[in-house]
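Report on the structure given below.
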Amino acid sequence: MRADRNVHPVRRGLSFTAMELFMKTTHYGSLLLAAALSAAPCLQAAAAPAAGAATAPAGSVERAEAKEAAAMLERAVDYLKKNGDKRAYAAFNDPKGGFVKGQYYVYVVGMDGTMHANGGAPGVLAGKNAYDLHDAAGKPLIRELLEAAAKADTGQIEYRWLNRADNKVENKTAKFRKVGKQVVVVGYYMPRATIEQAQDMMDKAVAELKQAGPGAAFAAFNDPKGKFVQGDLYVFAIGLDDGKYRAYGAGPQRSGEDVSAMRDAAGKPLVEEMIALAKSKGSGQVEYMWRNPASNAVEPKRSLIRRVDDVLIGVGYYVK
């Protein structure tokens, strides 16, 4: 599937327009700048979330945000069908209207690549052809969106974009619905921790265990509002001799459960491998397939493992 390439592409004109408006407004300033940067090939490096930043318990908020995005998408599609294109585009572009709420906003893209409405940056993107628009990592997100919409009327895509709630470039999942010859989209952000953030949490967890002792440390690891549960990062602790959870940040109620025979989604005996690694080398990494509590999907995961006396401490991060 190819869109109409005779329309003036957005990438060349976007940088100037975004930068010009950035100088005139503060409400959308950061978002406009991000749009401009995404259009400049030499400035497409994506910013990583800050290490140690306080976030909500793993998965709870992200699943709620997915539902919020789905609900807004449903409302937007219904509004478009009942009120027609012109009125709907105006409503979606209104920064003070009912279709712009924090990180959530609606955008509508024609199958020819035209951005009919964009509540996140109406002055920069609305009314322009966005077929060649790239995300902060260089992915042609509109092209990918239109290709997905050509195959199915509903679905989702993922890309890197500025979250105006915290002014950071983050992973974004956008749900879409095709209505006639246009695609209605609402996205939400979800965390993707880095190996550096996982290592930082591991160091802090080991220090906590050594300084506070097992009882207090395990309680801290299990605290869903504490510093050891951040986004899709959490700490788990397993006894080397009995294979039981001493702590499990993603599900504290499982503490005390024997997981020595646990296998991942592909059948790999991951705990057995973790224990063997901790006993033989003291530290290392184990790769496996695991459910991400933030996305509720099974994804590749890599866990850092470190032995502290008769317990192994683990912190994993998803490598999708």
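Overview of values
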read-out	value
Single unsatisfied condition, Ile305 versus (1) surrounded by 15 or more Cβ atoms within 10 Å (Cβ to Cβ); (2) out of contact with any helix residue (DSSP H, G or I) (no Cβ under 6 Å at 6 or more places or on another chain)	(2)
Tally of residues being within 23 Å of Ile195 (Cα to Cα) and either among the β-branched types (Val, Ile, Thr) or open to solvent by 70 Å² or more (accessible area, probe 1.4 Å) (or both) across region 233-262	2
Residue list for region 211-232, filter: open to solvent by 10 Å² or more (accessible area, probe 1.4 Å) and either assigned to a helix (DSSP H, G or I) or of a type in the set (Lys, Arg) (or both)	Gln211, Ala212, Pro214, Gly215, Ala216, Phe218, Ala219, Ala220, Asn222, Lys225, Lys227
Count of residues meeting criterion [in contact with a Leu (Cβ under 8 Å, 6 or more places away or on another chain) and open to solvent by less than 20 Å² (accessible area, probe 1.4 Å)] in region 131-160	8
Per-region count, region 182-225, residues without any contact (Cβ under 8 Å) to a residue 60 or more places away in the chain and either under 25 Å from Leu162 (Cβ atoms) or of a type in the set (Phe, Trp, Tyr) (or both)	2
Test: Lys279 is open to solvent by 60 Å² or more (accessible area, probe 1.4 Å) and in contact (Cβ under 8 Å) with a residue 24 or more places away in the chain	yes
Which numbered condition Thr173 misses (of (1) modelled with pLDDT of 95 or more; (2) touching a Gly at 6+ places or on another chain (Cβ under 7 Å); (3) hydroxyl-bearing (Ser, Thr, Tyr))	(1)
Flag if Tyr288 is under 30 Å from Trp161 (Cβ atoms), in contact (Cβ under 8 Å) with a residue 60 or more places away in the chain, touching a helix residue (DSSP H, G or I) at 6+ places or on another chain (Cβ under 7 Å) and open to solvent by 10 Å² or more (accessible area, probe 1.4 Å)	no
Condition check for Val183: among the aliphatic types (A, V, I, L, M) and either under 30 Å from Asp310 (Cβ atoms) or modelled with pLDDT of 95 or more (or both)	yes
Sole exception among (1) at pLDDT 95 or above; (2) in contact with a helix residue (DSSP H, G or I) (Cβ under 8 Å, 6 or more places away or on another chain) for Gln199, by number	(2)
Scope region 245-288; condition among the β-branched types (Val, Ile, Thr) and touching an Asp or Glu at 6+ places or on another chain (Cβ under 8 Å); matching residues	Val286
Index of the failed condition, Ala70 passing every other in (1) in contact (Cβ under 8 Å) with a residue 40 or more places away in the chain; (2) under 16 Å from Thr173 (Cα atoms); (3) touching a helix residue (DSSP H, G or I) at 6+ places or on another chain (Cβ under 9 Å)	(3)
Total residues in region 58-95, condition closer than 20 Å to Ala121 by Cβ, in a loop (DSSP other than H, G, I, E, B) and at pLDDT 95 or above	1
Test result for Asp153, under 24 Å from Gly231 (Cα atoms), of a type outside the set (Val, Ile, Thr) and out of contact with any helix residue (DSSP H, G or I) (no Cβ under 7 Å at 6 or more places or on another chain)	no
Within region 161-177, tally of residues that are free of Cβ contacts under 8 Å to residues at least 40 places away in the same chain and open to solvent by 20 Å² or more (accessible area, probe 1.4 Å)	2
Among residues of region 77-124, those that are closer than 18 Å to Tyr189 by Cβ and crowded, with 16+ Cβ neighbours inside 10 Å, counted	11
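The values are calculated or read from the model by the stated rules, or taken from the named source; none is laboratory data. Note that the structure is a prediction, hence the values are computed from the model and not measured. Here Cβ is always computed from backbone atoms with ideal geometry, including for glycine, and neighbour counts include all displayed protein chains. Side chains included, ligands, DNA and RNA excluded: accessible areas come from the protein's heavy atoms. Shrake-Rupley method; radii C 1.70, N 1.55, O 1.52, S 1.80 Å.
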